[in-house]
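What follows is one structure encoded as structure tokens, with my remarks underneath.
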Amino acid sequence: MSEEVEVEVVCPSCSPKIEVPHDLLKSGQNVIVRCQECGTVHPATIERAKDVTVKVIVSKGQDSLSCINKMTTEDIVEVDDEIIVDDEEGDEVYPIIVTAIDTIQKRVNAANAADITTIWGRAIDEVIVKISVHQGKRTEALQKRVNGGYQFTIGQTDTVGGLDFEITKIRKRDGTFLSGRGGTVEAKYIKRIFADEVKRKGWAEGRTAWSMRGRGRSW
């Protein structure tokens, strides 16, 4: 016995405006379906998804790349979605977070791929996280390049450019702060990390004024 195929279409009896699950009884030109909600058997028109190409602007650090991504008329894109951009022209693949969506009429928070003129996104395969490390009365600005899924945890000790620090607070890209010990945020969602310097035993004494220079160091 063949497995039943499920489709979503409107039901003339119980849901004439909103698509609901149906069992496909007969395919081909004259489609027959049975509503899973009320059991009504009726003919239906099933729209087939069509391929569309959408322009995507990908931001990677200080650079921006223009790509062409294949999607379908069934795809809905929303701001903050994580999508994979497969640029066939450039033979590159970029995982991104959608930051803005443009249609012919205006900029929107969500749209069907067929209505989108441009998707704007931030690459999350590799990101640069800014870190402010407090050293007594001064603060040193550092940067760490990591995978977008790399996790930073409040209370965690880390190292950049030979400087050890303990994370005390994280500002996320949505403007909120995380400060509870043990709280974790993935790098792709971080705006800035705040931390306190952790001095290694017997290391601070040997640190010279020259070695304290180099604000904005990274590894």
When segment 157-168 is examined, which residues are found to be part of a strand (DSSP E or B) and open to solvent by less than 80 Å² (accessible area, probe 1.4 Å)? 158, 159, 160, 163, 164, 165, 166, 167, 168
Kindly list the number of the only condition in (1) outside any strand (DSSP E or B); (2) modelled with pLDDT of 90 or more; (3) surrounded by 12 or more Cβ atoms within 10 Å (Cβ to Cβ) that fails for residue 188. (2)
Here is a list of conditions, (1) closer than 29 Å to residue 129 by Cβ; (2) part of a strand (DSSP E or B); (3) modelled with pLDDT under 90; (4) in contact with a Leu (Cβ under 8 Å, 6 or more places away or on another chain), and residue 90 meets all of them except one; can you say which number that is? (2)
Quick check on residue 101: is it part of a strand (DSSP E or B), closer than 23 Å to residue 186 by Cβ, modelled with pLDDT of 90 or more and aliphatic (A, V, I, L, M)? yes
Checking residue 44 against (1) touching a residue at least 24 places away in the same chain (Cβ under 8 Å); (2) within 29 Å of the chain's Cα centre (by Cα); (3) surrounded by 13 or more Cβ atoms within 10 Å (Cβ to Cβ), only one condition comes out false. Which one? (2)
So which residues in segment 145-188 are farther than 24 Å from residue 62 by Cα and either among the acidic types (Asp, Glu) or within 15 Å of the chain's Cα centre (by Cα) (or both), if there are any at all? 158, 164, 166
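Quick grid of which residues meet (1) crowded, with 17+ Cβ neighbours inside 10 Å; (2) free of Cβ contacts under 8 Å to residues at least 60 places away in the same chain:
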| site | (1), (2) |
| --- | --- |
| 38 | no, yes |
| 51 | no, yes |
| 71 | yes, yes |
| 95 | yes, yes |
| 101 | yes, yes |
| 107 | no, yes |
| 134 | no, no |
| 140 | yes, no |
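The values are calculated or read from the model by the stated rules, or taken from the named source; none is laboratory data. As the structure is a computational prediction, the values presented were derived from the model and not from experiment. We place every Cβ from the backbone using ideal geometry, glycine too, and count neighbours over all the protein chains shown. The protein model used for the area step is the full one, side chains on, heavy atoms only, and it has no ligands, DNA or RNA in it. Shrake-Rupley method; radii C 1.70, N 1.55, O 1.52, S 1.80 Å.
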